[in-house]
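Novice: I'd like to ask you about the structure that follows.
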Ligand code: NAD
Ligand code: KPL
């Protein structure tokens, strides 16, 4: 008899959460999506499942969904795909169902969430993942897998209490074709490089109300982008984190490769939702303050985005 792999519960049924849910379902490892409340569950149950589009083909995947009130089975593996600012509220609603040694993978942009979750729920076995897969919502519970990327997963120094073999097993169990999740023993560098990209692109797209690639055609925006990268490099260096010598080129390459994208922050701002700014520029500025460093460009971008679009949970 073959043992079934433990079920993944996926919190945050947006673009990335629905992508993983759809791929897991298709791979024969049916997950459960954890929705915000009974209203969202009723909305979902009006359809037949997640509409999943990839390579011009659409299919409906009948992924099971639950609300905090609907089901009481224990949760031993949780993949968190909410926006950073929504994570604590979202996990808290399901906290009574988490097993004492529940493995929780944070699959999000930004930094600083793991510390918050660890403070509230120190018993959880936390891991962090970072992805450059691209997905967007075409409609409610209708997602498009728009671009292929890489996904890495590993422990969070000072927070994770997870063995390397467990982390490797978790990476494998979150790999559903065509997406492979690769175990990484240097997540700090990965997260800081992604932080640099998001600090240098996302808030500028909100300030200039433009697509990612348009930042490269605007000399003032481009100069500000490079100043932010210098600020990230300074703070990282003070923390003993080596981000290599090609970060400026990498940020420009990402803005160019995603030239037609409206960044996630611009989309959230335009839709009147809260943004991840507190976990992107806000995180950088908090780290800088603790070190006595100045990051005036990032501070100005943080202020500009939060003044227009106050931060907070959605
Ligand atoms: P999204 O806004 O599409 O999805 C977030 C989902 O979380 C929404 O469905 C929202 O309703 C849900 N949510 C919010 N509060 C909740 C709560 N209390 N309980 C349950 N659900 C709740 O966001 P996304 O694009 O899927 O992004 C998720 C994370 O992945 C973000 O950190 C983002 O920056 C990152 N990311 C996204 C992409 C992408 O291509 N979309 C790529 C890389 C990284
Ligand atoms: O991660 C992104 C985002 O929009 O959040 C980038 C890389 C900037 C792509 O749009």
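Novice: Identify all residues within the stretch 121-167 that are in contact (Cβ under 8 Å) with a residue 12 or more places away in the chain and either more than 23 Å from residue 13 (Cα to Cα) or not assigned by TED's automatic domain parsing to the domain that holds residue 180 (or both); write none if there are none.
Specialist: 123, 155, 156, 157, 159, 160, 161, 162, 164, 166, 167
Novice: Quick one: residue 159 ticks every box in (1) in a strand (DSSP E or B); (2) at pLDDT below 95; (3) more than 15 Å from ligand 1 (Cβ to nearest atom) bar one, so which box is it?
Specialist: (1)
Novice: Looking at (1) touching a helix residue (DSSP H, G or I) at 6+ places or on another chain (Cβ under 9 Å); (2) without any contact (Cβ under 8 Å) to a residue 60 or more places away in the chain; (3) part of a loop (DSSP other than H, G, I, E, B), which is the one condition that is false for residue 104?
Specialist: Every listed condition holds for residue 104 apart from (3).
Novice: Is it the case that some residue within the stretch 216-228 is more than 27 Å from residue 186 (Cβ to Cβ), within 13 Å of ligand 2 (Cβ to nearest atom) and either touching a residue at least 24 places away in the same chain (Cβ under 8 Å) or in contact with a helix residue (DSSP H, G or I) (Cβ under 6 Å, 6 or more places away or on another chain) (or both)?
Specialist: yes
Novice: Evaluate the stretch 272-280: report whether one residue or more is away from ligand 2 (no atom under 13 Å from the Cβ), farther than 24 Å from residue 114 by Cα and not in a helix (DSSP H, G or I).
Specialist: Yes, the stretch 272-280 contains at least one residue that is away from ligand 2 (no atom under 13 Å from the Cβ), farther than 24 Å from residue 114 by Cα and not in a helix (DSSP H, G or I).
Novice: Here is a follow-up. Pick from the stretch 38-54 the residues that are in contact (Cβ under 8 Å) with a residue 40 or more places away in the chain and surrounded by fewer than 16 Cβ atoms within 10 Å (Cβ to Cβ): which of them is farthest from residue 178 (Cα to Cα)?
Specialist: 43
Novice: Just a yes or no: is a residue in the stretch 66-74 out of contact with any helix residue (DSSP H, G or I) (no Cβ under 6 Å at 6 or more places or on another chain) and under 26 Å from residue 146 (Cα atoms)?
Specialist: No.
The values are calculated or read from the model by the stated rules, or taken from the named source; none is laboratory data. Keep in mind the model is a prediction, meaning the values are calculated, not measured. Here Cβ is always computed from backbone atoms with ideal geometry, including for glycine, and neighbour counts include all displayed protein chains.
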